[in-house]
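Undergrad: What follows is a structure written as structure tokens; I'll ask about it next.
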Amino acid sequence: MIWSTGKNIKNATQNQIKELKTLVDVILTDEYKYIDLFKQEDRQNAMRLIQDIKK
């Protein structure tokens, strides 16, 4: 995914927004897989990241 053409802009293109929404949807769809991670530290990090994404 190309994020810039070399110019600094403070907004995202519709395609970039669509791609980011797709990533968030995948994460939220699989959130229970991440919460069920074996290592407690990994599980806590996954839970924190998912909570941040939901905000």
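The values are calculated or read from the model by the stated rules, or taken from the named source; none is laboratory data. If you're wondering where the values come from, they're calculated on a predicted model, not measured in any experiment. Here Cβ is always computed from backbone atoms with ideal geometry, including for glycine, and neighbour counts include all displayed protein chains. Only protein heavy atoms, including side chains, enter the accessible area calculation; ligands, DNA and RNA are left aside. Shrake-Rupley method; radii C 1.70, N 1.55, O 1.52, S 1.80 Å.
Undergrad: If I ask for residues that are under 11 Å from the mean Cα position of the chain (by Cα) and open to solvent by less than 90 Å² (accessible area, probe 1.4 Å), which ones from the stretch 9-24 would you list?
TA: Those that are under 11 Å from the mean Cα position of the chain (by Cα) and open to solvent by less than 90 Å² (accessible area, probe 1.4 Å): GLU19, LEU20, THR22, VAL24.
Undergrad: If you don't mind, there's one more thing I want to ask. Could you tell me which residue of the stretch 29-41 is modelled with the highest pLDDT, considering only residues that are surrounded by 12 or more Cβ atoms within 10 Å (Cβ to Cβ) and within 17 Å of the chain's Cα centre (by Cα)?
TA: ASP30
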